[in-house]
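> Can you read through this structure? Questions will come right after.
The values are calculated or read from the model by the stated rules, or taken from the named source; none is laboratory data. Since the structure is predicted, the reported quantities are computational estimates derived from the model, not experimental observations. Glycine gets a Cβ as well: all are built from the backbone with ideal geometry, and neighbour counts include every protein chain shown.
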Amino acid sequence: MNRQSFAARLLSAPYLVWAALFIVAPLLMVAYYTFTDANGAFTLANLSQLGNYSDIFVRSIWFSLIATVICLVIAYPIAYAISLRRETTQRILIMLVMLPMWMNFLLRTYSWMAILEDTGVINSLLRALGLNPLHMINTSGAVILGMMYNFLPYMILPIYSVMAKLERSMVEAAQDLGAGRLAVLTKIILPHSMPGIASGLTMVFVPSVSTFYISQKLGGGKFDLIGDTIERQFQTAYNYNLGAAISFVLMILILICIAVLNKFTDEDKGRMIV
């Protein structure tokens, strides 16, 4: 028994070292810089300055929520449709979903700049059709579109992974008992897919709320987000303490969002069991 316990500890050692170096240590550094000044003395001044960035926090959360909801609306039927196909077809479709992720994040964002510019692909097509061009670049809609495009696969994959394991016999049994399509969706498919939905919401919201490059390129620097502010404190202002304080609060907000999503997921699991 002791030998097995020692072997288990030995196997987990690389993970513990990795977690200590790349998770615990960075978090401790962020906490240290948050509660100290440039001279290393304890202070709460960094946190007291966060009120000046309240509008940026609100904008970041709002944009991220919109992008996350849109991703859910688009990803759910796609994931369900893929789960209904044969296994060979599913693998091909999932590969197509993941294909954009194989390209560099910067290239994907630059491609949308070429599409949305006033002289870009869409407006060139509109002019060719004799229609008035649209101003799409450097707008809030362009920023949200960039978030949605870059993080949509992170919503599709977890929902698909759950739906692919759904027993089709349950759906057939519900239909045999007279349940319509809406009843099957709300009583069978949706409750069983809630873990995937919760994972997808987390995987899309977290990178969206902390992104910075998308807002700079597709928003033209007009829509400062939390990520932009943090980057500016480290790269331009060299105010590491304030940048760490903003990062610290962002981390707390993300943890709260994850806890809320997990709570709703647990409640849905309880209702399913009942």
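> So for segment 147-163 (the condition being of a type in the set (Val, Ile, Thr) and free of Cβ contacts under 8 Å to residues at least 24 places away in the same chain), does at least one residue qualify?
So far as segment 147-163 goes, no, none of its residues is of a type in the set (Val, Ile, Thr) and free of Cβ contacts under 8 Å to residues at least 24 places away in the same chain.
> Okay, next question. Out of Phe223, Phe205, report the one residue that is of a type in the set (A, V, I, L, M, F, W, C), surrounded by 19 or more Cβ atoms within 10 Å (Cβ to Cβ) and assigned to a loop (DSSP other than H, G, I, E, B).
Only one candidate qualifies: Phe223.
> Something else now. If the requirement is being in contact (Cβ under 8 Å) with a residue 40 or more places away in the chain, within 22 Å of Ala31 (Cα to Cα), of a type in the set (Gly, Ala, Ser) and part of a helix (DSSP H, G or I), which of these qualifies: Ser215, Ser247?
Ser247
> Sticking with this structure for a sec: Being part of a helix (DSSP H, G or I) and either modelled with pLDDT of 90 or more or not hydrophobic (A, V, I, L, M, F, W, C) (or both) is the filter here, so list the residues in segment 179-189 that pass it.
Of everything in segment 179-189, those that are part of a helix (DSSP H, G or I) and either modelled with pLDDT of 90 or more or not hydrophobic (A, V, I, L, M, F, W, C) (or both) turn out to be Arg181, Thr186, Lys187.
> While we're here: If you check Ser64 against the conditions, is it touching a residue at least 12 places away in the same chain (Cβ under 8 Å), surrounded by 10 or more Cβ atoms within 10 Å (Cβ to Cβ) and touching a Phe, Trp or Tyr at 6+ places or on another chain (Cβ under 7 Å)?
yes
> While we're on this one: For segment 82-135, give me every one of the helices (runs of 4 or more DSSP H) that falls completely inside it and has 1 or more residues that are among the acidic types (Asp, Glu), out of contact with any helix residue (DSSP H, G or I) (no Cβ under 9 Å at 6 or more places or on another chain) and within 18 Å of Pro158 (Cα to Cα).
87-98
> Of the conditions (1) loosely packed, with under 14 Cβ neighbours inside 10 Å; (2) polar (S, T, N, Q); (3) modelled with pLDDT of 90 or more, Gln216 fails just one. Which one is it?
Result: Gln216 fails condition (1) only.
> I've got another one for you. Of all residues in segment 25-60, count the ones that are aromatic (Phe, Trp, Tyr), in a helix (DSSP H, G or I) and farther than 20 Å from Val209 by Cα.
The number of residues fulfilling the criteria is 2.
> When you go through Glu167, Glu172 one by one, which is the residue that is among the charged types (D, E, K, R) and closer than 26 Å to Leu261 by Cα?
Going through Glu167, Glu172 in turn, the sole match is Glu167.
> To continue, here is another question. How many of the residues making up segment 1-44 are closer than 21 Å to Asn241 by Cα and over 31 Å from the mean Cα position of the chain (by Cα)?
Matching residues across segment 1-44 total 7.
> Any residue in segment 155-168 that is among the charged types (D, E, K, R), surrounded by fewer than 19 Cβ atoms within 10 Å (Cβ to Cβ) and in a loop (DSSP other than H, G, I, E, B)?
So far as segment 155-168 goes, yes, one or more of its residues are among the charged types (D, E, K, R), surrounded by fewer than 19 Cβ atoms within 10 Å (Cβ to Cβ) and in a loop (DSSP other than H, G, I, E, B).
> Here is a check on your reading of the model: is Asn138 surrounded by 16 or more Cβ atoms within 10 Å (Cβ to Cβ) and either modelled with pLDDT under 95 or not in a helix (DSSP H, G or I) (or both)?
Here the answer is yes, as Asn138 does meet what is asked.
> For segment 126-142: of the residues being of a type in the set (A, V, I, L, M, F, W, C) and within 32 Å of the chain's Cα centre (by Cα), which is nearest to Ser208 (Cα to Cα)?
Among those that are of a type in the set (A, V, I, L, M, F, W, C) and within 32 Å of the chain's Cα centre (by Cα), it is Ala142.
> For segment 179-219, enumerate the residues that are farther than 22 Å from Ile74 by Cα and over 22 Å from the mean Cα position of the chain (by Cα).
Ala179, Gly180
> Among the residues in segment 16-31, are any surrounded by 10 or more Cβ atoms within 10 Å (Cβ to Cβ), more than 29 Å from Leu225 (Cα to Cα) and aromatic (Phe, Trp, Tyr)?
yes
> Continuing with this model, one more query. When residues of segment 71-87 are filtered for being of a type in the set (Ser, Thr, Tyr) and at pLDDT 95 or above, how many remain?
So the count comes out to 1.
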